[in-house]
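The structure appears below as structure tokens.
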Amino acid sequence: MYVAVKGGEKAIRNAHKLTAKRRRGDTSVPALTLEQIAQQLAHSVARVMGEGSLYDETLAALAIKQARGDLIEAAFLMRAYRTTLPRFGYSTPVDTGTMLVERRISATYKDLPGGQVLGPTFDYSHRLLDFALAAEDDGAEQPVEMTDNDDQAMPRVTDLLGDEGLMEPDPVSDGGTPVGDLTREPLSFPADRDLRLQNLARGDEGFLLALAYSTQRGYGRTHPFAGEIRYGEVEVEFFAEELGFAVTLGAIKVTECQMVNQFAGSAQAAPTFTRGYGLVFGQAERKAMSMSMVDRSMRWQELGEEPVAPAQDVEFVLSHSDNIQATGFVEHLKLPHYVDFQAELDLVHRMRTEWFEKREQQEQGGAAQEAAQ
Amino acid sequence: MTATQETQTSQAMTPLAAGFHDPVHDAQACFRAVMNAMARPGTRQSLDIAGLTPPAPLTSVAAALALTLLDYDTPVWLDKPLMASEAVKAFLRFHTGAPIVNEPVEAAFALVANPGQMIPLASFNQGSAEYPDRSATVILLGQGFGAARTATPAVTLTGPGIQDSTAFPVGPVPPVFWEQVAANSRQFPRGIDLIFAGAAEIAALPRSTRILPTEV
Amino acid sequence: MTDTARIPESLHEQGEYNFAYLDEQTKRMIRRAILKGIAIPGYQVPFASREMPMPYGWGTGGVQVTAAILGRSDCLKMIDQGSDDTTNAVSLRGFFEKTAGVRTTCETAEASIIQTRHRIPEKDLREDQILVFQVPIPEPLRFLEPRETETRKMHALEDYGLMHVKLYEDIAKNGHIATTYAYPVKVNDRYVMDPSPTPKFDNPKIDRMAALQLYGAGREKRIYAIPPYTKVKSLDFEDYPFEIQKFDKPCGLCGAENVYLDEVILDDKGGRMFVCSDSDYCEERRADGHLGPMAADPAAARVGNTRTGETIR
């Protein structure tokens with residue numbers, strides 16, 4: 001078979017080899033194992049699973065290793081792999097109310113059924129570099145005293161508020177309307193909340209963080225309280241048509257954030273609290289909180305608020321949240337553009353020539369006028 | 001054979017006819033014929049349908065088109081003779097998974113086995129001004145090409161895909177058909193697209209094609 | 001680590017893709033979008049673009065279109081900036097060699113499908129050829145109105161006043177229409193369309209072209225098409241008719257005139273030459289004995305050689 005061979009092929013091959021070599025680094029240093037990454041870089045793994053839209057810790061660890069720790073590149077590897085997987089169907093919605101909770105905090109109540117569970121968090125650590133970690137061996141494991149909390153149910157704060165009528169009810173899903181899926185249908189506007197939440201869950205953490213921050217600084221203020229943040233394990237179930245009941249596929253770790261926001265009420269609705277919702281893979285509180293704040297901001301229309309800020313602009317937010325798309329288009333400027341540049345060069349040359357001609361004429365005209373005077 | 005397949009087969013009382021021998025490359029070849037037909041309205045594109053023996057009144061060419069274009073995402077409407085055949089429905093359901101709908105306006109594709117009696121083109125989804133692509137594609141079965149094969153005189157076509165103009169002898173179609181096609185073209189960019197399925201050839205008329213007044 | 005986190009079998013079977021990488025369901029979805037695109041010339045059909053194994057911006061739209069139409073008997077030519085040997089053209093050609101095993105070529109006349117970024121070959125294309133464009137921003141109105149909800153309405157109402165105002169403001173301000181590539185066209189007297197970032201030099205080629213043109217924008221999830229022999233008019237004004245770039249000199253290597261040229265800087269003393277952007281066209285002319293004014297120049301010889309050899313180290 002004849003295959004066109006041209007320059008550049010060798011260069012690309014060499015670039016791949018060099019990248020592999022640089023990725024591995026000094027071979028006298030042991031290579032990272034996927035277990036090490038999955039166990040010890042859990043926040044990176046969570047981010048790559050979330051933005052890569054695929055829950056698989058080992059694959060995320062592999063992607064991080066292959067991407068030399070570039071988390072957006074790693075999420076891209078996950079997405080490209082995900083898209084080749086056969087789709088068997090959609091799971092039933094996970095029930096975060098029955099979560100096996102590892103951490104659960106509320107900023108709105110001092111104490112509540114199930115209690116506050118601090119769990120693993122950086123929140124109250126002093127950000128001092130821990131030089132003990134610099135030693136190759138982390139030392140002996142510190143025993144952790146766990147409070148026994150087995151039997152106590154942990155209702156969601158928003159449900160507690162809802163029981164008193166102070167919280168807008170959970171939106172009732174209409175069984176007849178299928179939930180949107182932007183990986184199967186191109187996004188079109190106006191986008192309903194199902195698509196908005198899916199988009200945010202896959203969105204870039206940094207982008208959502210900045211948008212959420214902007215709402216706190218007055219660009220579309222939503223008066224948020226962290227009603228509840230919980231992190232732990234939930235079961236994923238799949239309704240098997242042929243069996244007629246749901247079967248458990250496995251368990252995943254997720255972070256859920258429900259922001260509680262003010263709502264002044266309207267002619268139709270009494271004043272109540274409203275909410276923004278965030279749900280992401282793994283322990284990723286910054287992302288879950290940002291997501292819930294941006295979700296709430298984008299609900300301005302439904303709640304009769306004025307659109308004044310970037311975070312409320314559904315089309316703007318959803319069109320730019322995906323970092324795989326964003327990095328692709330920004331970085332594609334590295335590709336050759338010399339044909340277009342040549343076209344621009346030609347135009348700039350011509351416009352400059354005309355500009356200088358015009359100025360010369362004006363100067364001559366001015367000189368002639370002076371001479372006449 | 002899977003359990004589902006067996007159930008459907010027993011309903012149809014005949015063994016379920018096979019799909020493409022080579023799903024990847026047969027579908028690709030069939031698609032290229034459809035694409036060429038749509039890109040060059042009125043031209044005849046031959047289709048290799050060896051091995052396809054779908055239940056009547058579904059024809060081999062129509063079966064190839066269905067296998068190439070339909071799946072879970074494309075509701076399909078069938079005219080009476082096709083709808084009356086459990087074997088046809090079983091064949092389409094099994095091989096494509098396409099939901100069979102009762103209302104023409106809900107369909108992305110329509111299969112018409114008796115084109116002489118077909119319902120008006122306006123019955124199908126015409127797409128919207130914002131999304132004209134959401135309109136239906138209607139496939140007419142049992143078509144003959146060439147003046148000798150058709151009762152009606154050839155119409156003359158012009159528009160995108162046609163260098164100047166071209167004669168298009170095809171049939172059978174209902175008497176009011178060409179008026180409907182002309183009306184369909186006038187509402188461009190909305191409108192339905194037509195595929196004519198013959199014995200071993202296809203032709204197509206996208207909405208962009210204009211029908212010139214025939215001089216007899 | 002949980003049981004669900006095992007490395008799947010398929011991970012060890014790299015190289016075993018479906019023909020042309022995409023799964024059949026995805027191909028069907030893209031094929032349906034292509035048919036609607038052809039039926040509505042110049043209209044951008046939304047499609048559920050997939051994540052591809054190359055980044056958005058690298059031609060994922062063109063690659064998906066090519067993968068959906070490609071067959072075993074096709075012969076594929078892949079160009080970027082008019083050339084077969086630019087790195088991304090090499091990379092995308094390699095992708096299809098690996099995943100589809102199809103024949104590839106650098107010769108325009110030999111190809112049945114040509115995927116391109118930023119150029120249209122100088123040689124006239126035939127009825128039996130298909131030209132696939134990689135498109136970054138398919139919406140011609142995007143830089144005038146960033147909202148999809150608004151531009152969609154404008155297309156529906158055939159309201160292109162904004163575009164004419166923009167072009168006219170260019171003339172008022174600069175004395176020229178300051179658009180040199182991705183120059184907007186009107187297709188079949190209906191839709192205003194972005195012909196992708198080809199220089200406007202190439203616009204006359206897409207008018208009544210014998211070959212079918214397919215345009216794919218992966219990140220923006222749009223496919224559009226121009227059927228053969230379709231009228232495609234570059235937007236202009238009666239007093240400012242559309243005109244294309246003209247080059248003062250012929251190609252330094254092959255002497256071709258009325259072709260698009262790349263400027264190559266030879267040294268840091270202002271030495272430069274202009275050579276064909278379409279590298280296959282240039283090579284064929286030189287093989288036929290055509291010589292440009294700088295063909296004998298040692299500096300030019302280096303340029304000529306690098307075009308057939310290694311362009312990048």
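Only the coordinates and a few stated rules stand behind these numbers; no lab work does. The structure presented is a predicted model; accordingly, all values stated were derived computationally and were not measured. Note that each Cβ is placed from the backbone with ideal geometry, even for glycine, and that neighbours are counted across all protein chains shown.
List of remarks:
- Chain A: calculated mean residue ellipticity at 222 nm from DSSP helix runs of at least 4, using -39500 (n - 2.57): -12500 deg cm²/dmol
- Loop-located GluC sites (Glu not before Pro) in region A:308-373 whose Cβ has at most 11 other Cβ within 10 Å (DSSP): none
- Peptide B:188-194 - average C-beta neighbours from other chains (10 Å radius): 4
- Both radii are taken from the alpha-carbon atoms of region A:9-82; with Rh as the Kirkwood radius, Rg/Rh is 1.02.
- Estimated translational D of the protein assembly as shown in µm²/s (Stokes, Kirkwood radius over Cα pairs; 20 °C; 1.002 mPa s): 69 µm²/s
- With 5 Å bins from 0: P(r) over chain B, alpha-carbon pairs, percent: 1, 7, 15, 20, 21, 16, 10, 5, 2, 1, 0, 0
- Label-point separation, B:Glu106 to C:Lys173 (7 Å along Cα→Cβ), nm: 5.3 nm
- At R0 = 22 Å, FRET efficiency that the Cβ-Cβ distance of A:Asp194 and A:Leu303 yields, to 0.05: 0.80
- Per-residue average of Cβ from other chains inside 10 Å of B:123-133: 4
- With at most 15 other Cβ atoms within 10 Å, longest stretch of chain A clear of loop chymotrypsin sites (Phe, Trp or Tyr not before Pro) (DSSP): A:220-373
- For region A:235-293: rounded, prolate or oblate by the Cα gyration tensor [a/c cutoff 1.5]: oblate
- Note on region C:130-204: the alpha carbon radius of gyration divided by the globular reference 2.2 N^0.38 Å gives 1.12.
- Beta bridge orientation in the protein assembly as shown: antiparallel %, DSSP, nearest 5: 70 percent
- Loop exposure criterion: trypsin sites (Lys or Arg not before Pro), DSSP state outside H, G, I, E and B, at most 14 other Cβ atoms within 10 Å. Applied to chain A, the longest stretch between such sites is A:218-373.
- Measuring max minus min along each principal axis, the C-alpha atoms of region A:159-288 give extents of 51, 35, 33 Å (largest first).
- Coil-residue GluC sites (Glu not before Pro) of region C:218-307, DSSP, other Cβ within 10 Å capped at 15: C:Glu238, C:Glu243, C:Glu257
- Lys/Arg +1, Asp/Glu -1 at C-beta; chain A dipole; positive extreme among A:Gly119, A:Thr353, A:Ser321: A:Thr353
- Calculated FRET value between A:Leu333 and A:Val179, using beta carbons and R₀ = 35 Å, to 0.05: 0.45
- Taking 23 Å as the straight-line reach from the Cα of A:Lys17, the lysines in range (excluding those fewer than 8 positions away in the same chain) are A:Lys6, A:Lys65, A:Lys334, C:Lys98.
- Distance between region B:71-140 and region C:142-161 - C-alpha centres, whole angstrom: 32 Å
- For chain C, the mean residue ellipticity at 222 nm estimated from helices alone is -8500 deg cm²/dmol, where every DSSP H run of n ≥ 4 contributes -39500 (n - 2.57) and the total is divided by all residues, rounded to the nearest 500.
- Restriction of the trypsin sites (Lys or Arg not before Pro) in region C:179-240 to DSSP coil positions whose beta-carbon has at most 16 other beta-carbons within 10 angstrom yields C:Arg208, C:Lys231.
- Its Cα centre serving as origin, chain A has a Cβ charge dipole (Lys and Arg +1, Asp and Glu -1) of approximately 1580 debye.
- The mean of 1/r over all pairs of different alpha-carbon atoms in chain C, once inverted, gives a Kirkwood hydrodynamic radius of 21.0 Å.
- Between the Cα long axis of helix B:60-69 and the first principal axis of chain B there is an angle of about 90°, rounded to the nearest 10.
- Given C:Lys36/C:Lys205; C:Lys173/C:Lys205; C:Lys36/C:Lys231; C:Lys153/C:Lys221, the pairs whose alpha carbons are separated by over 26 Å: C:Lys173/C:Lys205
- Over all orientations, region A:218-268 has a Cα convex hull whose mean projected area works out to 7.1 square nanometres.
- Here is how the number arises for chain B: DSSP H runs of 4 or more residues each give -39500 (n - 2.57), the sum is divided by the residue count, and the result at 222 nm is -8500 deg cm²/dmol.
- Relative to the longest principal axis of the Cα atoms of chain A, the long axis of helix A:338-372 lies at roughly 50 degrees.
- Counting only Cβ charges, +1 for Lys and Arg and -1 for Asp and Glu, the dipole size of region A:9-82 around its Cα centre is about 440 debye.
- Quotient of the Cα radius of gyration of chain A and 2.2 N^0.38 Å, N being its number of residues: 1.32.
- Cα-based helix-to-principal-axis angle, A:193-202 vs chain A, degrees rounded to 10: 80 degrees
- The dipole here belongs to the protein assembly as shown: it is taken about the Cα centre, uses +1 on the Cβ of Lys and Arg and -1 on the Cβ of Asp and Glu, and is about 2140 debye.
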